[in-house]
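Enquirer: I have a structure I would like to understand better, so I am pasting it below and will then ask my questions one at a time.
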Protein chains: 2
Amino acid sequence: MAKLYVVGFGPGGYEDMTHRAVSAIEAADVVMGYTTYIEMLEPYFKNKNFFSTPMTKELDRCRMALEEADKGKTVAMVSSGDSGVYGMAGVILQMAQDYHVDVEIVPGVTAASAAAAILGAPLMHDFAVISLSDLMTPLEKIMKRVEYAALSDFVICLYNPKSRKRTEYVAMTADIIGKIHGEDVPAGIVRNAGRPGESYTITSVGQLKEADIDMFSLVIIGNSSTYVQDGRMITPRGYKLEQS
Amino acid sequence: MAKLYVVGFGPGGYEDMTHRAVSAIEAADVVMGYTTYIEMLEPYFKNKNFFSTPMTKELDRCRMALEEADKGKTVAMVSSGDSGVYGMAGVILQMAQDYHVDVEIVPGVTAASAAAAILGAPLMHDFAVISLSDLMTPLEKIMKRVEYAALSDFVICLYNPKSRKRTEYVAMTADIIGKIHGEDVPAGIVRNAGRPGESYTITSVGQLKEADIDMFSLVIIGNSSTYVQDGRMITPRGYKLEQS
């Protein structure tokens, strides 16, 4: 049966790709994905048959990938991060019942992991991953998740924190968390994690609305125990450090 | 300055390691970690200076790693999954202020991503990651997180679902979620994800307490929209599939 790999290639650079992701891309007759992702991969894979589509045509791209595979081609559908976290794995599997294609999901290093490594160690304790995009989720539901996650003291990772049209949701989120934990809870922003131009800022929930955040950023907000030491954001796991 | 890499090498097999994790291990004069992790790595890295310690001596191991690096050796402290998710990155950074060592966190594919890829696409929507180990977190706090995560409709990933001493917490978790979403919500269990002997089961929250779960398992429980199709667990993102 023809093969469709749904590949997460991690934050962006070759060094953060898994061997399995690279093998799947190398094995593919055609590599498909959103234009930005294809542009990231082109320098690392010479003479590949790349096919890029605009971001708004996600379902068409998924159907095209399944059709190409159904014709007998080995296809890799690529995205940055983990293809299984807010990725195309779901839509592909939903559509796959109409085709004779073996779908394999190749997991990658998700943006929360990449950003956490840059900020320090904020994810040493239970955490919640929330997308602030309300394209397919009502804003009210998103903000309820923010509130309940803060009330039960999760560290919170915000995917898609801002877009050109959607700039106020980070401030709304910060207000909710600030009322629950106080305004001094550390908040980290990583821009272009693992890509050229990578940068990060560690600030507080109270200052988060002033921070420079865009659609290439990931935001991690601490729980009630998170602190900053030597410029690193740390959520302690509860070890007594004097143990020996 | 001497270098200490805190390396997450993913689920276990070489193919799911990132190039950066492999480079860090190869660059290291000494590779330290819990015995089980060292045994996983030994087949892939010949002639390395491995040093393994029992699981209960985590703080000693971290201090030893910092001391070795402080003496000028390049050290890699390894763990499976992502070293930044319930890993040793936090303790290392907490202790690092006592040493002249440059600490670099190398992220990996975390167990939730590895398990999700095997189960299908359960993490297409907001999710919460919760450890059921009450070694350092009060049980009441853990169960409050389970309840609030279910009430606000997160997909829920359970790390450390069971140990020999701790067998009832999965059942408690399933009861809480079953009361909120109903007993039919899909639940997936992946044992030994990405390792020899990998297996998985897809069942329901109502049946979860009968399932075969151990300390090498990861459990993912769906949100109110998650369903099973052709043996795969899918949380729909909300795309209208007829779009074109």
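Enquirer: If we scan the stretch B:96-117, do we find a residue that is modelled with pLDDT under 95 and out of contact with any Gly (no Cβ under 9 Å at 6 or more places or on another chain)? Steps first, please.
Expert: Residues of the stretch B:96-117 that are modelled with pLDDT under 95, as a first pass: B:97-98.
Then keep just the ones that are out of contact with any Gly (no Cβ under 9 Å at 6 or more places or on another chain); that gives B:97-98.
Checked against the condition, which is being modelled with pLDDT under 95 and out of contact with any Gly (no Cβ under 9 Å at 6 or more places or on another chain), the stretch B:96-117 yields at least one hit.
Enquirer: To continue, here is another question. Among the residues of the stretch B:172-196, count how many are at pLDDT 95 or above and of a type in the set (Lys, Arg).
Expert: 2
Enquirer: Right, something else. Just checking, which of A:Ser199, A:Ser204 is under 18 Å from A:Leu151 (Cα atoms), of a type in the set (S, T, N, Q) and modelled with pLDDT of 95 or more? Reasoning before the result, please.
Expert: Values: A:Ser199 fails: under 18 Å from A:Leu151 (Cα atoms).
Going through A:Ser199, A:Ser204 in turn, the sole match is A:Ser204.
Enquirer: What is the residue count in the stretch B:223-238 for residues that are in contact with a helix residue (DSSP H, G or I) (Cβ under 8 Å, 6 or more places away or on another chain) and under 16 Å from A:Gly84 (Cβ atoms)?
Expert: The initial filter retains those residues of the stretch B:223-238 that are in contact with a helix residue (DSSP H, G or I) (Cβ under 8 Å, 6 or more places away or on another chain), namely B:223-224, B:229-230, B:232-237.
Filter once more, keeping what is under 16 Å from A:Gly84 (Cβ atoms): B:223, B:229, B:232-237.
Looking only at that region, the number is 8.
Enquirer: Collect the residues in the stretch A:1-43 that are assigned to a strand (DSSP E or B), surrounded by 23 or more Cβ atoms within 10 Å (Cβ to Cβ) and more than 10 Å from chain B (Cβ to nearest Cβ), keeping them in residue-number order.
Expert: Narrowing the stretch A:1-43 to residues assigned to a strand (DSSP E or B): A:2-8, A:10, A:18, A:30-34.
Now narrow it down to the ones that are surrounded by 23 or more Cβ atoms within 10 Å (Cβ to Cβ): A:4-8, A:10, A:18, A:31-33.
Those that are assigned to a strand (DSSP E or B), surrounded by 23 or more Cβ atoms within 10 Å (Cβ to Cβ) and more than 10 Å from chain B (Cβ to nearest Cβ): A:Leu4, A:Tyr5, A:Val7, A:Val31, A:Met32, A:Gly33.
Enquirer: Tell me yes or no: at least one residue of the stretch B:59-82 is facing chain A (nearest Cβ under 10 Å), surrounded by 24 or more Cβ atoms within 10 Å (Cβ to Cβ) and over 13 Å from the mean Cα position of the chain (by Cα).
Expert: Filtering the stretch B:59-82 down to residues facing chain A (nearest Cβ under 10 Å) leaves B:59-60, B:62-63, B:81-82.
Remaining after also requiring surrounded by 24 or more Cβ atoms within 10 Å (Cβ to Cβ): B:62, B:81-82.
Next, from what is left, pick out any that are over 13 Å from the mean Cα position of the chain (by Cα): B:62.
Yes, the stretch B:59-82 has at least one match.
Enquirer: Based on what the data block shows, is B:Lys179 over 24 Å from A:His125 (Cβ atoms), more than 14 Å from every other protein chain (Cβ to nearest Cβ), among the charged types (D, E, K, R) and out of contact with any helix residue (DSSP H, G or I) (no Cβ under 7 Å at 6 or more places or on another chain)?
Expert: On the way: over 24 Å from A:His125 (Cβ atoms): yes; more than 14 Å from every other protein chain (Cβ to nearest Cβ): yes; among the charged types (D, E, K, R): yes; out of contact with any helix residue (DSSP H, G or I) (no Cβ under 7 Å at 6 or more places or on another chain): yes.
For B:Lys179, the condition - over 24 Å from A:His125 (Cβ atoms), more than 14 Å from every other protein chain (Cβ to nearest Cβ), among the charged types (D, E, K, R) and out of contact with any helix residue (DSSP H, G or I) (no Cβ under 7 Å at 6 or more places or on another chain) - is met.
Enquirer: Checking B:Asn223 against (1) more than 11 Å from chain A (Cβ to nearest Cβ); (2) surrounded by 14 or more Cβ atoms within 10 Å (Cβ to Cβ); (3) not charged (D, E, K, R), which single condition isn't satisfied?
Expert: In the conditions (1) more than 11 Å from chain A (Cβ to nearest Cβ); (2) surrounded by 14 or more Cβ atoms within 10 Å (Cβ to Cβ); (3) not charged (D, E, K, R), B:Asn223 misses (1) alone.
Enquirer: Can you name the condition, by its number, that B:Met136 falls short on among (1) in the same structural domain as B:Ile25 (by TED's automatic domain parsing); (2) more than 17 Å from B:Ile220 (Cβ to Cβ)?
Expert: So the condition that B:Met136 fails would be (1).
Enquirer: Checking A:Met143 against (1) crowded, with 21+ Cβ neighbours inside 10 Å; (2) part of a helix (DSSP H, G or I), which test does it fail?
Expert: Result: A:Met143 passes all but (1).
Enquirer: Which condition number does B:Gly87 fail, the rest of (1) touching a Phe, Trp or Tyr at 6+ places or on another chain (Cβ under 9 Å); (2) in a loop (DSSP other than H, G, I, E, B) being met?
Expert: Just one mismatch for B:Gly87, condition (1).
Enquirer: Got a number for residues in the stretch A:88-135 being of a type in the set (Gly, Ala, Ser), within 22 Å of B:Ala150 (Cα to Cα), at the interface with chain B (Cβ under 7 Å from one of its Cβ atoms) and buried (at least 24 other Cβ atoms within 10 Å of the Cβ)?
Expert: Of the residues in the stretch A:88-135, the ones of a type in the set (Gly, Ala, Ser) are A:89-90, A:96, A:108, A:111-117, A:120-121, A:128, A:131, A:133.
Still in the running and within 22 Å of B:Ala150 (Cα to Cα): A:90, A:112, A:128, A:131, A:133.
Next, from what is left, pick out any that are at the interface with chain B (Cβ under 7 Å from one of its Cβ atoms): A:90, A:128, A:131.
Subsequent filtering for residues that are buried (at least 24 other Cβ atoms within 10 Å of the Cβ) retains A:90, A:128.
Qualifying residue count for the region: 2.
Enquirer: Could you check the stretch B:141-159 and list, in sequence order, the residues that are farther than 22 Å from B:Ala121 by Cβ and in contact with a helix residue (DSSP H, G or I) (Cβ under 9 Å, 6 or more places away or on another chain)?
Expert: Taking the stretch B:141-159 first, the residues farther than 22 Å from B:Ala121 by Cβ are B:141-148, B:151.
Residues satisfying the conditions are B:Ile142, B:Met143, B:Lys144, B:Arg145, B:Val146, B:Glu147, B:Tyr148, B:Leu151.
Enquirer: Filter the stretch A:199-220 for residues that are part of a loop (DSSP other than H, G, I, E, B) and in contact with a Lys or Arg (Cβ under 7 Å, 6 or more places away or on another chain); which is surrounded by the most Cβ atoms within 10 Å (Cβ to Cβ)? First the steps, then the outcome.
Expert: Of all residues in the stretch A:199-220, those part of a loop (DSSP other than H, G, I, E, B) come to A:211-216.
Next cut, in contact with a Lys or Arg (Cβ under 7 Å, 6 or more places away or on another chain) only: A:213-216.
Numbers: A:Ile213: 20, A:Asp214: 13, A:Met215: 12, A:Phe216: 17.
Looking at the filtered set, the residue picked out is A:Ile213.
Enquirer: Under the condition of being polar (S, T, N, Q) and more than 14 Å from chain B (Cβ to nearest Cβ), which residue from the stretch A:139-174 is nearest to the chain's Cα centre (by Cα)?
Expert: Taking the stretch A:139-174 as the starting set, the residues that turn out to be polar (S, T, N, Q) are A:152, A:160, A:163, A:167, A:173.
When the remaining residues are screened for being more than 14 Å from chain B (Cβ to nearest Cβ), the result is A:163, A:167.
Working: A:Ser163: 15, A:Thr167: 19 Å.
Here the residue is A:Ser163.
Enquirer: Right, something else. Can you pull out every residue in the stretch B:164-175 that is part of a helix (DSSP H, G or I) and surrounded by fewer than 20 Cβ atoms within 10 Å (Cβ to Cβ)? Can you show your working first?
Expert: Here is the first cut: in the stretch B:164-175, the ones part of a helix (DSSP H, G or I) are B:169-175.
Within the stretch B:164-175, B:Ala171, B:Met172, B:Asp175 meet the criteria.
The values are calculated or read from the model by the stated rules, or taken from the named source; none is laboratory data. No experiment lies behind these values; they were computed from the predicted model shown. Heads up, the Cβs are rebuilt from the backbone with ideal geometry, glycines too, and the neighbour counts pull from every protein chain shown.
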